[in-house]
Each structure stands twice: as structure tokens, then as C-alpha cells.
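A quick write-up on the structure given underneath.
The values are calculated or read from the model by the stated rules, or taken from the named source; none is laboratory data. Note that this is a predicted model, so its numbers are computed, not measured. Every residue, glycine among them, receives a Cβ derived from its backbone with ideal geometry; neighbour counts consider all protein chains shown.
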Amino acid sequence: MFIHETKVRVRYGETDQMGVVYYGNYALYYETGRVEALRSLGMTYREMEESGVQMPVLEMHCRYLAPALYDEYLTIRTIIREMPAARITFDFEVLSEQAQLINRGMVSLAFINTATNRPTRCPAKLAGLLKPFFN
């Protein structure tokens, strides 16, 4: 299992009139978690796309447990529980500044060959970077 944490500060524009994070912004927080998790492994989205692989979202689930507030410093915990094949699933836990679990989520993405627009296997480089976490 691979786990990565990244921090984000809630910006004013991400909130509603009550200073609570608008529900749709959690998809952006999940994306931030995914991008930074892959970067921490040594592979960027840009590098993957330049190698001819794209990752469209297949499915997303989100469970709101407590509000995130304006100017709060959130921790986005990104978890990969299984070695990816033709798809990869990321689980998320969003924690408040007080380390309270305020949100859980899941995003599943496919690996698509850019030239053929057909499903493909997880890129070899990414599989190699993840392998030590699943032995």
C-alpha cells in the first residue's frame, strides 16, 4: 500500500457565503492529491502524457463528514491500496488542521493509449515505482 500526504490551504474562492468549502471543490483536492502522490514517486502527469498515456476518470465517490473552512490548512492523504493494471484507484482522506477526518473519497482512472484512444496497461515506469509498496 502506498500513502502520500500533501497540504492545501482553503482559499476564499473555494468557499460559499458561510466560509465552508463548496462541495465540488473536493474533486480538485483529490486531483491535487493524485498529482502530488505521483510526483513524490518520481513520475509526473506531464511525463505520463508525453509518453502517450492519459488517465481519464471513470468513477468518483465522495463522503462529507464535517465542513472544511476558509483559511484552514487541510491534509489530503492519498492512498493506493492495489497495484494498478489497466486502471488505478486512489482513496482519499481529507483531514482538518486539528487532524479530524472531514472527508473520504475514491477516484478510479483508466490508462488510455493517446494514439489509439484504447485502454492500456499501467505504464512500466509507474508500475516499477509502485512495486516496492506491494511486495
Mind listing just one residue for me: the one in region 97-110 that is touching a Pro at 6+ places or on another chain (Cβ under 9 Å) and under 28 Å from Lys7 (Cβ atoms) and, of those, surrounded by the most Cβ atoms within 10 Å (Cβ to Cβ)? Ile102
Which of the residues spanning region 115-135 are touching a residue at least 60 places away in the same chain (Cβ under 8 Å) and surrounded by 14 or more Cβ atoms within 10 Å (Cβ to Cβ)? Thr120, Pro123, Lys125, Leu126, Leu129, Leu130
Taking region 76-90, which residues are touching a Lys or Arg at 6+ places or on another chain (Cβ under 7 Å) and surrounded by 16 or more Cβ atoms within 10 Å (Cβ to Cβ)? Thr78, Phe90
Please find, among Val57, Val21, the residue that is aliphatic (A, V, I, L, M), over 24 Å from Pro123 (Cα atoms) and either modelled with pLDDT of 95 or more or out of contact with any Leu (no Cβ under 8 Å at 6 or more places or on another chain) (or both). Val21
I'd like the residue in region 61-119 that is more than 30 Å from Gly19 (Cβ to Cβ), assigned to a loop (DSSP other than H, G, I, E, B) and among the charged types (D, E, K, R) and, out of all such residues, is nearest to the chain's Cα centre (by Cα). Arg81
Which pairs have Cβ atoms under 6 Å, sit 6 or more apart or on different chains, and link a residue in region 14-29 that is under 10 Å from Pro67 (Cβ atoms) and touching a residue at least 40 places away in the same chain (Cβ under 8 Å) to one that is surrounded by 15 or more Cβ atoms within 10 Å (Cβ to Cβ) and aliphatic (A, V, I, L, M)? Thr15/Val21; Gly19/Leu69; Val21/Val10; Val21/Ala68
If you check Thr32 against the conditions, is it closer than 27 Å to Asn135 by Cα, among the polar types (S, T, N, Q) and at pLDDT below 95? no
Return the pair list, or none, for Cβ contacts closer than 9 Å from residues in region 47-60 that are on the phi > 0 side of the Ramachandran plot to residues that are of a type outside the set (Ser, Thr, Tyr) and loosely packed, with under 15 Cβ neighbours inside 10 Å, at least 6 apart or on different chains. Gly52/Asn113; Gly52/Ala115
Inspect region 5-13 for any residue being modelled with pLDDT of 95 or more, surrounded by fewer than 12 Cβ atoms within 10 Å (Cβ to Cβ) and part of a strand (DSSP E or B) and give the result as yes or no. yes
